[in-house]
1. For A:GLU170, are the conditions met, namely being out of contact with any Phe, Trp or Tyr (no Cβ under 7 Å at 6 or more places or on another chain), more than 30 Å from A:ASP8 (Cβ to Cβ) and without any contact (Cβ under 8 Å) to a residue 40 or more places away in the chain?
2. A:THR139 fails exactly one of the following numbered conditions: (1) in contact with a Gly (Cβ under 8 Å, 6 or more places away or on another chain); (2) over 18 Å from A:ALA37 (Cβ atoms); (3) part of a helix (DSSP H, G or I); (4) more than 9 Å from chain B (Cβ to nearest Cβ). What is the number of that condition?
3. Tell me, which helices (runs of 4 or more DSSP H) wholly within segment A:3-96 include 3 or more residues that are surrounded by 17 or more Cβ atoms within 10 Å (Cβ to Cβ) and touching a strand residue (DSSP E or B) at 6+ places or on another chain (Cβ under 6 Å)?
4. Against the definition (within 17 Å of B:ARG64 (Cα to Cα) and either modelled with pLDDT under 95 or assigned to a loop (DSSP other than H, G, I, E, B) (or both)), how does B:ASN208 come out, yes or no?
5. Does any residue in segment B:175-188 that is farther than 15 Å from B:ARG154 by Cα come within less than 6 Å, Cβ to Cβ, of a residue that is β-branched (Val, Ile, Thr) and not in a strand (DSSP E or B) six or more places away or on a different chain, and which pairs are these?
6. Please name all residue pairs, on different chains or six or more residues apart, with Cβ atoms under 7 Å, provided the first residue is in segment B:45-66 and is more than 29 Å from B:GLY92 (Cβ to Cβ) and within 14 Å of another protein chain (Cβ to nearest Cβ) and the second residue is at pLDDT below 95 and surrounded by 20 or more Cβ atoms within 10 Å (Cβ to Cβ).
7. Residue by residue through segment B:174-197, note down the ones that are more than 25 Å from B:ILE38 (Cβ to Cβ) and in contact with a strand residue (DSSP E or B) (Cβ under 9 Å, 6 or more places away or on another chain).
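The values are calculated or read from the model by the stated rules, or taken from the named source; none is laboratory data. On a predicted model such as this, the values are computed, not experimentally measured, just so you know. We place every Cβ from the backbone using ideal geometry, glycine too, and count neighbours over all the protein chains shown.
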There are 2 protein chains.
Amino acid sequence: RDPAYDRDPAAIYARSFAIIRAEAPLGHLPDTLHGVAIRVVHACGMVDVAGRLAFQGDVATAGRAALAGGAPVIADCRMVASGVIRRRLPAGNAVLCGLDDPRTDRLAAANGTTRSAAAIDALGDQIAGAVIAIGNAPTALFRLIEIIAAGGPRPAAILAFPVGFVGAAESKQALLDAGLAIPCLTLPGRMGGSAMASAAVNAIAAPNEEAP
Amino acid sequence: RDPAYDRDPAAIYARSFAIIRAEAPLGHLPDTLHGVAIRVVHACGMVDVAGRLAFQGDVATAGRAALAGGAPVIADCRMVASGVIRRRLPAGNAVLCGLDDPRTDRLAAANGTTRSAAAIDALGDQIAGAVIAIGNAPTALFRLIEIIAAGGPRPAAILAFPVGFVGAAESKQALLDAGLAIPCLTLPGRMGGSAMASAAVNAIAAPNEEAP
């Protein structure tokens, strides 16, 4: 055995989170979001991301309460769904992704939009009270905002980390500007991704922020 | 319908890749890696990542040939496996993740190491000729290097994007320093992640780099 690298999972987690706490700018965030920011940083390897997170409302508390009450997690893509650590979920919560719904292809064609946006419509009857985690598609976030702004079902919390060069920054700014009065956490700009989105879910799901 | 955002998947892809080609530093990379770098950038929203990729050998050609010949993709975590776009794989290739292997828990305990490292051992008889995609665990990459350096099975290509604060940078530097003479692509430093690793697989899998 080569002793040159850390092999103990608990020790690796503890050292990782100690480094993040020492380096990441958390001061602009409420205490309830520190654990969430730390896990998001852990997922991407960039401490400065903590300083760029934006939020509205008490998103960690609202999300945790919703999950404790049995609310589902709705993910915009399979990677986010697969990144949710099931043992952290407090109520055996469902983790849903509408891309696998048989209605999604038909809705995408009918609405002239992406499968990611149609997947939000396909799960429309699950949105009320849910925790929404978007880690890929700007169109999914745009569509969610449209549905809520039109008086549709209101999720308990929105974790918005769409990524990329067309619509990602715009969709996250639209969320912050929409005045939905729904607790949310987002990373403005192009950066984001499924690892950040599922890390945010995992942090909100369980108060023990520093366990695997 | 709100016409304020792009909804056409092909148009979104085309605009995204045009922006990346205009902004990302690709000049230090061989032509065969441009498409790979573009998809990695697309997955993380950061054009400067292209300029920091490091490689050895003709990793895109070697990886593509291996997949065309039916080689499996071995992922270190479920998120990487779920991010591999199956329709891009040229031979209905298997996408394997040893975390689900019943031997992994036993090997982790017996070897005093992480489940991620043990998962590499559990798939030991699949490593020869495979395309390895690591998007999470430094210990998985360290263990792979140990196996190869000890004269064990040799994969066709290694796509190394472990992420984080304990071992990620060190494991990627170890790969570059190990002299394994196996084609590889990596992002030195703390940054990485499952989205980058699966994007690299998806780029290598199919020559049409700019299709979903």
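1. no
2. Evaluating A:THR139 over (1) in contact with a Gly (Cβ under 8 Å, 6 or more places away or on another chain); (2) over 18 Å from A:ALA37 (Cβ atoms); (3) part of a helix (DSSP H, G or I); (4) more than 9 Å from chain B (Cβ to nearest Cβ) leaves (4) as the failure.
3. Of the helices (runs of 4 or more DSSP H) lying wholly inside segment A:3-96, those with at least 3 residues that are surrounded by 17 or more Cβ atoms within 10 Å (Cβ to Cβ) and touching a strand residue (DSSP E or B) at 6+ places or on another chain (Cβ under 6 Å) span A:59-68, A:78-83.
4. Spelling it out, B:ASN208 is indeed within 17 Å of B:ARG64 (Cα to Cα) and either modelled with pLDDT under 95 or assigned to a loop (DSSP other than H, G, I, E, B) (or both).
5. B:LEU185/B:VAL59
6. Sorted first by the residue in segment B:45-66, then by its partner, the list stays empty.
7. B:LEU180, B:ALA181
Conditions tested, residue by residue: (1) more than 14 Å from chain B (Cβ to nearest Cβ); (2) loosely packed, with under 14 Cβ neighbours inside 10 Å; (3) touching a residue at least 24 places away in the same chain (Cβ under 8 Å); (4) of a type in the set (D, E, K, R).
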position: A:LEU99; (1), (2), (3), (4): no, no, no, no
position: A:ARG103; (1), (2), (3), (4): yes, no, no, yes
position: A:ARG106; (1), (2), (3), (4): yes, yes, no, yes
position: A:GLY129; (1), (2), (3), (4): yes, no, yes, no
